[in-house]
Amino acid sequence: MIAKRLRKSLDSAVCIRDIFEEGKKMAAVYGAENIFNFTIGNPSIEPPAIVNETLKELLDSEPALQLHGYPANVGFPEVRRHLAEHLNQKFGCAYTEEGIIMTSGAASAIAILSNTLLDQDDEVVTFSPYFWEYKNYVETFYGKLVPAACDPRTLQPDRSNLEAALSPRTRFVLINTPNNPTGAVYTEDSIRMVAEVLEAKQAEYGHPIYLVSDEPYRRLAYDMEVPYLTHYYANTIVVYSYSKALSIPGERIGYIAMEPTVADFDDLLAGCTASLRFLGYVNAPTLQQKLLLRCADVAVDTAIYKKTRDVLYEGLRKIGYTCNHPDGAFYLFVKALEEDDVAFCEKAKEERILLAPGAAFSGPGWVRISYCVSAETAERSLPGFARLYEKYRNRT
Ligand code: PLP
């Protein structure tokens with residue numbers, strides 16, 4: 001018998017991985033080249049060559065026991081120092097070695113922060129649509145995820161929805177830009193608005209509300225800079241991951257970054273350090289930590305994703321689909337052609353197109369296309385999208 005709490009979330013989950021697996025079965029029957037699997041955000045660009053080169057060099061040059069042994073829970077001091085210096089130089093911040101905590105990607109960083117910050121029934125506000133795992137990262141620690149819907153016309157955070165979602169129980173606001181699932185990059189105006197609202201609510205409630213900036217897609221922004229949130233709101237905690245920037249999601253490496261001016265800095269560090277242990281992470285992978293001494297600022301060639309984005313965005317709009325222009329990440333949010341986005345995804349399967357229903361992201365009526373495919377595959381999917389569109393047109 002498993003925990004009732006877990007049973008409930010298993011039963012209610014719209015599982016995109018199941019659709020992804022179904023795609024693999026379809027590929028075995030029809031041939032991989034005839035299946036357009038847009039479900040999962042698994043990077044499709046090879047890691048930059050320097051990644052493997054550095055890993056090999058590390059294996060050959062570092063004393064094995066040191067490389068493979070337990071480091072401090074929070075990570076190697078030289079790696080944390082290097083990242084602090086790198087961030088200070090790049091974004092003009094004031095990080096110190098202490099404020100950098102190495103984690104197994106962004107997922108574990110958010111879990112660590114939830115464990116550190118939440119008591120039972122405390123609340124975490126996030127902008128919807130949002131990455132479906134957020135609910136799990138929060139509810140596992142007995143918290144409650146409260147969505148603040150973005151403006152449906154722009155997919156940017158909305159002031160009145162944010163104000164309505166905040167309460168004296170809000171411990172942090174989880175923000176993700178560039179965004180999964182919409183591909184939106186939140187503008188500087190949006191960030192200023194969020195900061196202004198949070199400053200006012202902090203003052204009203206008399207306790208800090210942290211802004212946790214989940215940034216696995218920071219390096220995947222096309223034609224624009226993603227505002228660095230510490231400049232707008234002092235109580236910002238940055239969560240970064242190399243999963244997408246370096247195309248190494250299986251390697252599980254990222255960090256939490258906090259400037260010393262963040263409220264209750266020492267308590268936060270102690271809480272995160274303990275949480276690393278209590279949740280069983282112990283420490284982030286050592287080989288991958290050392291990789292960052294050379295690759296902290298390296299990223300994949302995003303021009304490849306951008307090319308695929310352009311093919312899909314322009315192609316789908318030409319057919320007649322409504323979609324938001326995605327400025328980052330590798331996601332395109334498209335309006336389903338019927339109200340029930342799950343039914344629409346089923347219908348798309350007839351064209352061997354696999355999509356993720358928006359309902360899974362608290363964005364019903366829409367679907368997410370994860371365009372981690374080549375531009376050529378994207379191009380070949382367009383006739384199927386066109387037939388799908390025609391089927392709906394002929395219905396009315
Ligand atoms: N946050 C968002 C918005 C994501 O899309 C993902 C993964 O897809 C994660 C966090 C987790 O990423 P990581 O591999 O760094 O744990």
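The values are calculated or read from the model by the stated rules, or taken from the named source; none is laboratory data. None of these values were measured; they are calculated from a predicted model. Every residue, glycine among them, receives a Cβ derived from its backbone with ideal geometry; neighbour counts consider all protein chains shown. Each accessible area value is taken on the protein alone, full model and side chains, heavy atoms only, with ligands, DNA and RNA left out. Shrake-Rupley method; radii C 1.70, N 1.55, O 1.52, S 1.80 Å.
Hey, if you put +1 on the Cβ of every Lys and Arg and -1 on every Asp and Glu Cβ in the stretch 1-131, which of TYR70, GLY23, ILE50 ends up farthest toward the positive end of that dipole? Checking the options against the dipole of the stretch 1-131, the answer is GLY23. Remark: the GLU33-HIS207 segment gains 57.2 nm on full extension, using 0.36 nm per residue and subtracting the alpha carbon distance.
Electrostatic bookkeeping for THR96 treats Lys and Arg as +1 and Asp and Glu as -1; over the other residues with beta carbon under 13 Å from its beta carbon, the sum is -3.
Close amide H partners of ASN37, meaning residues 5 or more places away or on another chain with modelled amide H under 5 Å apart, are LEU354. Here the 3J(HN,Hα) profile of the stretch 70-84, calculated from phi with Karplus coefficients 6.51, -1.76 and 1.60 at θ = phi - 60°, is 5, x, 4, 3, 7, x, 5, x, 5, 6, 5, 5, 4, 5, 4 Hz, Gly and Pro shown as x.
Rounded, prolate or oblate: pick one for the stretch 313-369, where a ≥ b ≥ c are the square roots of the eigenvalues of its C-alpha gyration tensor, a/c under 1.5 means rounded, and failing that, prolate if a/b is larger than b/c, else oblate. Walk me through the intermediate numbers first.
Working: a/c = 1.61, a/b = 1.21, b/c = 1.32.
Verdict is oblate for the stretch 313-369.
With respect to the chain, whose longest principal axis is taken over its alpha-carbon atoms, helix 105-117 is tilted by about 60°.
The length gained by stretching the chain between ILE319 and GLU188 to full extension, at 0.36 nm per residue less their Cα-Cα distance, is 43.9 nm.
Remark: spin-label model distance SER9-THR273 equals 2.8 nm, labels positioned 7 Å along the Cα→Cβ axis. Measuring nothing but protein heavy atoms, the accessible surface of the chain at 1.4 Å probe radius is 50 percent carbon and sulfur. Within the stretch 257-274, what residues put their amide N at less than 14 Å from the label point 7 Å along the Cα-to-Cβ vector of GLU98? Answer for the stretch 257-274: 258-273. Backbone phi angles across the stretch 32-38, fed through the Karplus curve with coefficients 6.51, -1.76 and 1.60 (θ = phi - 60°), yield HN-Hα couplings of 4, 6, 9, 10, 10, 9, 9 Hz in residue order; Gly and Pro are listed as x.
When the pairs LYS307/LYS347; LYS244/LYS349; LYS25/LYS244; LYS8/LYS144; LYS4/LYS144; LYS318/LYS349 are compared against a 23 Å limit on Cα-Cα distance, LYS307/LYS347; LYS244/LYS349; LYS25/LYS244 fall above it. Relative to the dominant Cα principal axis of the chain, helix 375-395 is inclined by about 50°. To the nearest ten degrees, helix 188-205 and the longest principal axis of the Cα atoms of the chain are 50 degrees apart.
For the chain, calculate the relative contact order in percent as a whole number, restricting contacts to Cα pairs under 8 Å that are 6 or more residues apart.
Values: 751 pairs, mean separation 92.2, N = 396.
Rounded, it is 23 percent for the chain.
Placing +1 on the Cβ of every Lys and Arg and -1 on the Cβ of every Asp and Glu, with no other charges, gives the stretch 146-290 a dipole of roughly 540 debye about its Cα centre. Rounded to the nearest 20 debye, the dipole size of the chain about its Cα centre is 1120 debye, using +1 on the Cβ of Lys and Arg and -1 on the Cβ of Asp and Glu.
Simple spin-label estimate for ALA200 and TYR389 gives 4.2 nm between the two label positions (7 Å along the Cα-to-Cβ direction from each Cα).
Distant-in-sequence amide contacts of ILE237, defined by a placed amide H-H separation under 5 Å and a gap of 5 or more residues or a different chain, comprise LEU211, VAL212, SER213.
Each Lys or Arg adds one and each Asp or Glu takes one away; over the other residues whose Cβ falls under 15 Å from the Cβ of VAL51, this sums to 0.
What order, most packed first, do the peptides 380-393, 36-49 have when packing is the mean number of other Cβ atoms within 10 Å of each residue?
36-49, 380-393
Ordering HIS68, HIS86, HIS325 by accessible surface, largest first, gives HIS68, HIS325, HIS86; the 1.4 Å probe counts only protein heavy atoms, with every chain in place.
Proximity of backbone amide H atoms, modeled 1.01 Å from N, is registered between ASP122 and LYS144 at under 5 Å, excluding neighbours fewer than 5 places apart on the same chain.
By definition, a body whose alpha carbon gyration tensor gives a ≥ b ≥ c is oblate when a/c is 1.5 or more and a/b is not larger than b/c, and the stretch 213-277 fits this oblate description. Normalised per residue, the accessible area of the chain is 43 Å², obtained with a 1.4 Å probe and no contribution from ligands, DNA or RNA. Centre-to-centre, using Cα atoms only, the stretch 269-295 and the stretch 336-372 are separated by 36 Å. Applying the criteria of a DSSP loop state and at most 14 other Cβ atoms within 10 Å to the GluC sites (Glu not before Pro) of the stretch 71-143 yields no site.
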